[in-house]
Amino acid sequence: MDVQITDSFTKSLKRLMWHQHWLYKTYALFRYDIPLFVKNIWRFRKELWNHQWWDYRFTLNMLQRSLTIMEQGMSEKGMEVTETREPKVQSMRRALEILRNSKEDNYIQRAEDEIGALIIHEWEFEDAGGGNSRFVDRETPEEKKHNRKVFERAREIEETEWKELWEIFKGTKYSKRYDDRYDGTDMRSWWD
């Protein structure tokens with residue numbers, strides 16, 4: 001058996017060896033790594049400026065920004081075929097919508113749109129004697145029941161969307177086999 005090595009193979013080997021050399025690594029640091037670092041600081045400037053360790057919302061803000069960049073890149077510059085790219089982009093958009101809802105905390109407003117507005121009375125206080133005041137509750141039992149129903153529905157919407165968000169990232173049973181219709185979930189497949 002005659003084995004031949006072509007010029008392109010030896011050039012590839014030389015390039016691989018060159019990429020391991022300290023001189024190339026120094027060049028790549030200044031040519032690629034530092035500009036990318038500065039670009040990422042600019043991209044995440046708002047999230048970095050406001051980031052704190054003590055609340056999960058700051059982590060969700062970073063995730064939302066990262067997904068926004070990824071979705072925009074995939075939808076505008078993605079090289080993948082439309083049939084498999086579009087479900088991924090749609091899943092990213094849905095995840096971004098859920099993250100926006102969480103950030104805006106608009107669950108009560110959405111529950112009010114479904115059930116009806118909360119019934120809110122102005123706060124009233126009456127003299128309780130001795131220089132103290134007591135809160136006067138003017139809500140009727142029907143109003144309390146309606147308000148409780150709105151709050152329960154808001155919590156239900158929030159829980160449903162929270163579970164849906166992690167299902168999108170985790171993937172569903174339909175994304176396990178490629179010959180099934182791919183639904184775009186499973187974050188591990190979101191690359192181009």
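The values are calculated or read from the model by the stated rules, or taken from the named source; none is laboratory data. All values derive from a computational prediction rather than experimental measurement. Positions of Cβ are generated from backbone atoms using ideal geometry, with glycine treated the same way; all protein chains shown enter the neighbour counts.
Only residues that are of a type outside the set (A, V, I, L, M) and within 20 Å of residue 69 (Cα to Cα) were counted across the stretch 95-118, and they come to 6. Within the stretch 90-104, residues that are in contact (Cβ under 8 Å) with a residue 60 or more places away in the chain and surrounded by 16 or more Cβ atoms within 10 Å (Cβ to Cβ) reach partners that are part of a helix (DSSP H, G or I) and polar (S, T, N, Q) with beta carbons closer than 7 Å, at six or more positions or on different chains, in the pairs 99/64. Candidates 56, 107: the one that is surrounded by 14 or more Cβ atoms within 10 Å (Cβ to Cβ) and aromatic (Phe, Trp, Tyr) is 107.
Are any of the residues in the stretch 96-108 farther than 30 Å from residue 149 by Cβ and either assigned by TED's automatic domain parsing to the domain that holds residue 154 or not polar (S, T, N, Q) (or both)? Reasoning before the result, please.
As a first pass, look at the stretch 96-108 and keep what is farther than 30 Å from residue 149 by Cβ: none.
No, that holds for no residue.
For the stretch 9-38, the tally of residues that are surrounded by fewer than 11 Cβ atoms within 10 Å (Cβ to Cβ) and of a type in the set (Ser, Thr, Tyr) stands at 3. Please verify whether residue 46 is part of a helix (DSSP H, G or I) and either in contact (Cβ under 8 Å) with a residue 12 or more places away in the chain or surrounded by fewer than 10 Cβ atoms within 10 Å (Cβ to Cβ) (or both), treating the condition exactly as stated. Here the answer is yes, as residue 46 does meet what is asked.
Restricting the stretch 81-99 to residues that are among the acidic types (Asp, Glu) and modelled with pLDDT under 95 leaves a set whose member that is nearest to residue 166 (Cα to Cα) is 86.
Look at residue 136 and say whether it is farther than 30 Å from residue 191 by Cβ, surrounded by 10 or more Cβ atoms within 10 Å (Cβ to Cβ) and either touching a strand residue (DSSP E or B) at 6+ places or on another chain (Cβ under 6 Å) or not assigned by TED's automatic domain parsing to the domain that holds residue 92 (or both). Quick ask: steps written out before the conclusion?
Details: farther than 30 Å from residue 191 by Cβ: yes; surrounded by 10 or more Cβ atoms within 10 Å (Cβ to Cβ): yes; either touching a strand residue (DSSP E or B) at 6+ places or on another chain (Cβ under 6 Å) or not assigned by TED's automatic domain parsing to the domain that holds residue 92 (or both): yes.
When the stated conditions are applied, residue 136 passes them.
Only a single item in (1) free of Cβ contacts under 8 Å to residues at least 12 places away in the same chain; (2) under 20 Å from residue 185 (Cα atoms); (3) not charged (D, E, K, R) is not met by residue 87, and it is number (1).
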